[in-house]
Amino acid sequence: MSCILAVCEQSEGKLKKVAGEVASEALRLGQASGLPVVALTIGPGAAAAAAALAPFGVESAGAIEGASVASYSGEAYAAALAAVARAKGAALLLIGATSFARDLLGRLGALLSSSPASDCVALSFANGAFRARRPVYAGKAILTVAFKATPALASLRPNVFAATKVAGKTTRVEAIAAAAAPAQCARRTGRVDAGGGKLELTEAEVIVSGGRGLKTPENFAKLIEPLAAALGGAVGASRAVVDAGWRPHGEQVGQTGKTVAPKLYVACGISGAIQHLAGMRTARTIVAINKDREAPIFKVADYGIVGDVDEVLPALTEQAKALRAGH
Amino acid sequence: MKVTVCVKRVPSTAARIRIGADGRSIDEAGVEFVLNPYDEYAVEEALRICEKAATTPPSESTVLSFGPDAVTKELRNCLAMGVHAALHVPAPAGDAASRDPLATAQMIAAAIRGAAGGPPDLILFGRQAVDDDGALVGLMVATLLGLPAVPDVTKLTLGTGAVTVEREVEGAVETYEVPLPCVVTAHKGLNDPRLPNMKGIMAAKKKTITTVAATAAAPASTIESLELPPERKGGRIVGEGAAAVPELLRLLRQEANAL
């Protein structure tokens, strides 16, 4: 019996946010296609994480554990997932488009002789085939592809698909022994947190970004970080300030940085170069603060304030803080 | 030490994208094409490794591209940066295989397997091409060749028979040990790519770009359409200076439901 596999990312028994989105989309496509859905978790803590999928309405899950996946290796994880996809005769495999998928999706494509669709924003099933819509050119265009090989493989852009809670379901968890790892593997030997539980840009619901208009790197700490903190968001940056060495490249939003889709994107002192706009144009609400009334950023912003960041941002920070505190 | 870098010719990130008449590809008229920005880090890293690794026989870097004939401009540019040799696997413009991840990976893997002088010790890619944004082909080639791989690498240290690399993931930096031969995909931050100097440009003119015949590969996906995203409807200027802040917050809360 063919099925849809939902690979639900977890770490030590705790599901990642995107896992609920992947499970919900798999269940939706399961209804559309009539195929049963099996959620998969892998690595140490897989069984506990699989059991935590019940609130999303997952009734069947497989927890892949064993010596080959006891420590992380992309080769070993991909081999184990591919073995399960083959054994279950999967028609479609979904995974969240995080760095976890970046390390696995291409390998799965090669192992299963399929062309994956990365970072999809919509999936559909019609006339017996799955299709994917995905942004290309960093979102300057949208590509629709039909999968020709089985299983179809797709990663889902975080924050795009709804994670839907379903009451009253229990998850039956099947323990699956991980397949052996290939002889030659890249082995993870260390992991250092970037510091202070910093909110990841691609997962953040609010992003406050700064550009050249900030004038100095110090102004990021003085103006951008407090506003991001007041709004409960993450800090982003334009390519210009990353290239100038003001901010780490992990904060860059745009075509050679991250593509983000937060609920609220606040662009401060960013003129709106085409490669920056490509990376944030799918934000639900965009606010621009720039002293140049003619800046291209105002053409994509829902709300704009023409003014100096030195003057506007402290006022915005104070008043947003007060608003959120319930005053 | 033999290092092969796989590169792609892509529209510049400053390019405005228009859809071509077929509704499935871009209109290339007036579009400036460049070496994929992430591939520049891969090329630079190959050059640094070869400069450092004084071995007998001497270290050698090769650049390889599967793409249209026009890619010879970007290959020539890599040679001018200091790469020793260039291989071109031709694909007709708009070729279905060159837009399919699996077919592309099969084509590149076959070219690497068949390369004169034996397999490379290290194969580098950019982390993704900024046209398709798939971030797939590097790992697919590695897997097809049975090699270990690490994507999105921001630091690479060559050891004896292995490399140590750092990879950026959400909120952390991970370290990996990878036995050679292996595949690594380069991320921004890995290095600061050099510009070709006059000496390099002159030397590159004398180097030949070797054409390698494409092997047959069947696409595993079909491109149905390419569309422009919906335009964002024009917004409004709320006001000027700090005086506009209360109204902005009111709109964000009451109209946009964003706070």
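The values are calculated or read from the model by the stated rules, or taken from the named source; none is laboratory data. Being a predicted model, the structure only gives us computed values, none of them experimental. Glycine gets a Cβ as well: all are built from the backbone with ideal geometry, and neighbour counts include every protein chain shown. These accessible areas exclude ligands, DNA and RNA; they are computed on the full protein's heavy atoms, side chains included. Shrake-Rupley method; radii C 1.70, N 1.55, O 1.52, S 1.80 Å.
Residue by residue through region A:140-148, which ³J(HN,Hα) values in whole Hz follow from phi under the Karplus form 6.51 cos²θ - 1.76 cosθ + 1.60 (θ = phi - 60°), with glycine and proline marked x?
Working through the residues one at a time gives 6, 8, 10, 9, 10, 10, 9, 7, 9 Hz.
Using a Debye calculation, one point per C-alpha and no hydration shell, please list log10 I(q)/I(0) for region A:201-326 at q = 0.13 Å⁻¹ in order.
-0.42
Take every DSSP beta bridge with both residues inside region B:2-232 and express the antiparallel ones as a percent of the total, to the nearest 5.
Around 40 percent antiparallel, to the nearest 5.
Considering amide H positions built from the backbone, and no H for Pro or chain starts, which residues 5 or more places from residue B:86, or on another chain, come under 5 Å of its amide H?
Amide H to amide H, under 5 Å and 5 or more residues apart or across chains, residue B:86 pairs with B:63, B:210.
Average projected area of the Cα convex hull of region A:3-177, in nm²?
9.0 nm²
From the Cα gyration tensor of chain B, with a ≥ b ≥ c the square roots of its eigenvalues, which class applies: rounded if a/c is under 1.5, or else prolate if a/b is larger than b/c, or else oblate?
Since a/c reaches 1.5 and a/b is larger than b/c, the shape of chain B is classed as prolate.
Taking the solvent-accessible surface of protein heavy atoms with a 1.4 Å probe, what is the per residue accessible area of region A:1-135 in Å²?
Counting only protein heavy atoms, the per-residue value for region A:1-135 is 29 Å².
Please tell me the relative contact order of region B:2-232 in percent, rounded to the nearest whole number, where contacts are Cα pairs under 8 Å and at least six residues apart.
Relative contact order comes out at 27 percent.
Counting DSSP beta bridges in the protein assembly as shown, what percent are antiparallel, to the nearest 5?
Antiparallel bridges: around 35 percent, rounded to the nearest 5.
Say a paramagnetic label sat at a point 7 Å from the Cα of residue B:247, along Cα to Cβ; which residues of region A:281-318 have their backbone N under 11 Å from it?
The answer is A:304-306, whose backbone nitrogens lie closer than 11 Å to the label point.
Please find the FRET efficiency linking residue B:14 to residue A:170, where r is the Cβ-Cβ separation and R0 is fixed at 56 Å, and quote it to the nearest 0.05.
Computed FRET efficiency for residue B:14 and residue A:170 comes out at 0.55.
By how many degrees, 0 to 90 and rounded to 10, does the Cα axis of helix B:245-254 deviate from the longest principal axis of chain B?
90 degrees
Output wanted: per-residue J couplings in Hz (rounded whole) for region B:181-187, from phi through Karplus 6.51 cos²θ - 1.76 cosθ + 1.60, θ = phi - 60°, x for Gly and Pro.
Rounded to whole hertz, the list is x, 8, 10, 10, 10, 8, 10.
Amide H neighbours of residue A:176 under 5 Å, at least 5 residues apart or on other chains, H built in the peptide plane: list them.
So residue A:176 has HN proximity to A:63, A:64, A:65.
Looking at chain A, identify the longest residue range that excludes and avoids all trypsin sites (Lys or Arg not before Pro) in DSSP loops having at most 16 other Cβ atoms within 10 Å.
That gives A:1-147 as the longest site-free run.
Per residue of B:5-18, what is the mean number of Cβ atoms on other protein chains within 10 angstrom of that residue's Cβ?
Shielding by partners across B:5-18 averages 3.
List the lysines whose Cα sits under 23 Å from the Cα of residue B:207, skipping any in the same chain fewer than 8 residues away.
List returned: B:2, B:8, B:52, B:73, B:199.
Looking at chain B, identify the longest residue range that excludes and avoids all GluC sites (Glu not before Pro) in DSSP loops having at most 16 other Cβ atoms within 10 Å.
No qualifying site falls inside B:33-230, the longest such stretch.
Of all the Cα-Cα pairs you can form in region A:1-76, what percent are over 15 Å apart?
Tail of P(r) above 15 Å: 51 percent of Cα pairs.
Can you check what the Kirkwood hydrodynamic radius comes to for region A:236-304, Cα pairs only, in Å to one decimal?
11.8 Å
Would you tell me the mean number of C-beta atoms belonging to other protein chains that fall within 10 Å of each C-beta in A:128-140, as a whole number?
For peptide A:128-140, the averaged partner shielding equals 4.
To test your reading of the geometry: what angle, between 0 and 90 degrees and rounded to tens, separates the Cα axis of helix B:37-52 from the longest principal axis of chain B?
Around 30 degrees separate the two axes.
Any chance you could get the radius of gyration and Dmax over the Cα atoms of chain A, in Å?
When restricted to Cα atoms, chain A yields Rg and Dmax of 21.4, 63 Å.
Please compute the contact order of region A:3-177 in relative form: average sequence separation of alpha-carbon pairs under 8 Å and at least six residues apart, divided by the residue count, as a percent.
After rounding, I find 29 percent.
Provide the per-residue ³J(HN,Hα) series for region A:248-257, in order, calculated from phi with Karplus coefficients 6.51, -1.76, 1.60 and θ = phi - 60°, each as a whole number of Hz, with x at glycine and proline positions.
x, 5, x, 8, 6, 9, x, 5, 9, x
Regarding the protein assembly as shown, what's the average projected area of the Cα-atom convex hull, expressed in nm²?
Directional mean of the projected Cα hull area for the protein assembly as shown stands at 26.7 nm².
Report, by chain and number, residues whose modeled amide H sits under 5 Å from the one on residue B:172, excluding near sequence neighbours (fewer than 5 apart, same chain).
The list, which skips near neighbours in sequence, is A:194.
Partner chain Cβ atoms within 10 Å, averaged over the residues of A:259-265 - can you pull that number for me?
Per-residue shielding by partner chains comes out at 2.
Can you give me the relative contact order of chain A as a percent, contacts being Cα pairs under 8 Å and 6 or more apart?
Averaging sequence separation for qualifying contacts and normalising by length gives 15 percent for chain A.
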